[in-house]
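The values are calculated or read from the model by the stated rules, or taken from the named source; none is laboratory data. Here the structure is a predicted model, which means the values were calculated and not measured. Using ideal geometry, Cβ is built from the backbone for each residue, glycine included, and neighbour counts are taken over all protein chains shown. These area figures cover heavy atoms from the full protein model, side chains too; ligands, DNA and RNA do not enter into them. Shrake-Rupley method; radii C 1.70, N 1.55, O 1.52, S 1.80 Å.
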Protein chains: 2
Amino acid sequence: MTDTINPVAAAEPGLRERKRKATSRAIQFAVLELSRDKGLENVTVDDISRRADISPRTFFNYFDSKESAVLGESHLASSLPDDLVEAFLSAGPETPVLDGLRDIMLVVAVPDTDDFELHQLRKEVIHHSPHLLIQRISRMRVFETELTALVEKRMTADALATARPNETPDQATLRDRASLTALVAMAAMRHSWGCWAESAESLSMPVLLTRSFRELRTLI
Amino acid sequence: MTDTINPVAAAEPGLRERKRKATSRAIQFAVLELSRDKGLENVTVDDISRRADISPRTFFNYFDSKESAVLGESHLASSLPDDLVEAFLSAGPETPVLDGLRDIMLVVAVPDTDDFELHQLRKEVIHHSPHLLIQRISRMRVFETELTALVEKRMTADALATARPNETPDQATLRDRASLTALVAMAAMRHSWGCWAESAESLSMPVLLTRSFRELRTLI
DNA sequence: TGCAATATTGCGTAGTCTGCAATAATTGAA
DNA sequence: TTCAATTATTGCAGACTACGCAATATTGCA
C-alpha cells in the first residue's frame, strides 16, 4: 500500500477504507446497543451480524470475538513512537521512572476521541460488565512486555549514570524491578479506566491518568 | 453435609471425596502433560478426557474450561478468614496498608504445596504460555472487589482515627485510593507469580511475595 | 440390605471460531 | 472506459467449547 503523492496524509482515504470503517462502526454499534439492552452474555454473533447487515462470517473478519467488538479495535497494538521512547530513556536518574511511564500512557491510552457516540455507549456497556476491563488489560500483554523491556533499559542507563565503577548493578535485580514497575504502571492505567467507566460525568483519560499516577506517589 | 463425630476433622475423607480428588488430579495431570507436549492450544477437552479416563461431559463437572484445569481449582474463591480481616482492619494508621495487604496475600496466594508433581508441571506449562497468568488474575475479580472494599474500610477507620473533627475525609476520594491500592497489591502478586513461573529454581510464593512487596516500597 | 444423595455418562443443542472456495466490489493502470 | 489485480464478503462445512437434561451407576448411611 503506497502513499499517495498528496503530502496531506490520507486526505482521501478511498472508498474501500471508508466502507471498512463504516462496517467496523456498524458492528460496534450493533454489539453495544444489543449489550446495553440485553447484556453482552445474551448477545450472539448472529444477532450482531443481523443488526449490522453483514454475514456472521464477516464479523470475524473484523473482530476476534464479541468482546473485542465491544472494546473496539485495539489501538496501541503496534509499537511506540520513537521520540517518545527516546525521551523516556534519556530522562536521567533524577526524573522518576513512573513519571516517564505516565507520559507514555498519556499518549497511548488516549483512544479515539473522534466518535463520541460510540465512546459513550462503550462506557455504558463496560460499566455493566467490568470483566471487560480486565480483558482489555489482557489484550495488552505485548504492550506490557515492551514496556518492561523499556523500563529495564532506562533503569540500566540510570544505574550506569550514578554508579561508581565497582558497583555493577545486578542485571537480574534490575529486570525484576523493571517488571514490577511496569506492572504498577499498568495498575495505574487500569485504575484510570475503572474511574472512567464508573464516573457519570465524562472525565477525560488524560486527566484521570494524571490523577491516578499522582495518587500512586502517596501510597507508599 | 454434617461433620463426623470424630473430633479430628476429615480424618477419613470418605471414598467419595477421595475419588473426587483423584479424578480432579487425573484431569489436571492429563491437561498438563498434554500441554507440555503439544501446547495447550493443540489440546482438546476430548484429548484430556480420553487420557484421564472420563467422559468429556464429566470434565465440565470439574472445570469450566481447559484453562481452568491447567490453573487448578481456584483457591480463594470464597471469602477471607475472619481473624485475618480483623487484624488488617484494626492495624491502625501507623501500619502501612500495603503491609497488611501483603499479609493477606501471604495467606491466600499460597496454594497447594501438597502436590509437588502437579506444582512443577503447572509451572512448566504456565512458563510457556504466560497468558494463563493473566487469566489467573482475571478469575480473581471477586477477590479484588472484596479487597477494595476491605481497604476502603481500613482507610476510613484510619482516617477517623487521625482526623480532626472538621476534617471529614471525602468518601469518594477514599474509595478511589482504596481501589488503586488494591490494584497495586494485585500487581505485586502478579509480579510474584511471574517470578515464580520464570525462575528455574523453585522459590516459594511467600518468599517471592515478600520480596515483591518490599521492592514496591522502593519504587515511589 | 435398601434407600437417599451424589457422580458419571450419553445425547442433544447452542454458540464460537476458522478454513476454504466462490463471488462481488474497488482500485489503479492501460 | 475497460480490464486485470487486489481485496472484501459470503456461504458452507467442520472442529471445538459449554451446558441442560435424563438415565444410570456409585457411594454413604441407617
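Say we look at the stretch A:152-175 and pick out the residues that are under 25 Å from B:Ile137 (Cβ atoms) and out of contact with any Leu (no Cβ under 7 Å at 6 or more places or on another chain); which of these is least open to solvent (accessible area, probe 1.4 Å)?
Ranking the qualifying residues of the stretch A:152-175, first place goes to A:Leu174.
State whether one or more residues within the stretch A:204-215 are of a type in the set (A, V, I, L, M), within 14 Å of chain B (Cβ to nearest Cβ), part of a helix (DSSP H, G or I) and open to solvent by less than 70 Å² (accessible area, probe 1.4 Å).
Scanning the stretch A:204-215, I find at least one residue that is of a type in the set (A, V, I, L, M), within 14 Å of chain B (Cβ to nearest Cβ), part of a helix (DSSP H, G or I) and open to solvent by less than 70 Å² (accessible area, probe 1.4 Å), so the answer is yes.
With (1) assigned to a loop (DSSP other than H, G, I, E, B); (2) small (Gly, Ala, Ser); (3) open to solvent by less than 30 Å² (accessible area, probe 1.4 Å) as the list, and B:Ser68 as the residue in question, which single condition is left unmet?
(1)
Among residues belonging to the stretch B:176-203 that are open to solvent by 30 Å² or more (accessible area, probe 1.4 Å) and more than 7 Å from every other protein chain (Cβ to nearest Cβ), point out the one that is modelled with the lowest pLDDT.
Only one residue tops the list, namely B:Ser202.
Tally time: how many residues in the stretch A:109-124 are open to solvent by less than 20 Å² (accessible area, probe 1.4 Å) and either part of a helix (DSSP H, G or I) or within 21 Å of B:Thr218 (Cα to Cα) (or both)?
Qualifying residue count for the region: 4.
Restricting to the stretch B:51-65, count the residues that are surrounded by fewer than 13 Cβ atoms within 10 Å (Cβ to Cβ), within 6 Å of DNA strand C (Cβ to nearest atom) and of a type outside the set (Gly, Ala, Ser).
2
What number goes with the only condition from (1) buried (at least 16 other Cβ atoms within 10 Å of the Cβ); (2) within 11 Å of another protein chain (Cβ to nearest Cβ) that A:Thr145 does not pass?
Exception for A:Thr145: condition (1).
Which is touching a residue at least 60 places away in the same chain (Cβ under 8 Å) and aliphatic (A, V, I, L, M), of A:Ala200, A:Ala149, A:Ala188?
Of the residues listed, the single one that is touching a residue at least 60 places away in the same chain (Cβ under 8 Å) and aliphatic (A, V, I, L, M) is A:Ala188.
In the stretch B:86-102, is there at least one residue being open to solvent by less than 50 Å² (accessible area, probe 1.4 Å), within 12 Å of another protein chain (Cβ to nearest Cβ) and in a loop (DSSP other than H, G, I, E, B)?
No; the residues of the stretch B:86-102 include none that is open to solvent by less than 50 Å² (accessible area, probe 1.4 Å), within 12 Å of another protein chain (Cβ to nearest Cβ) and in a loop (DSSP other than H, G, I, E, B).
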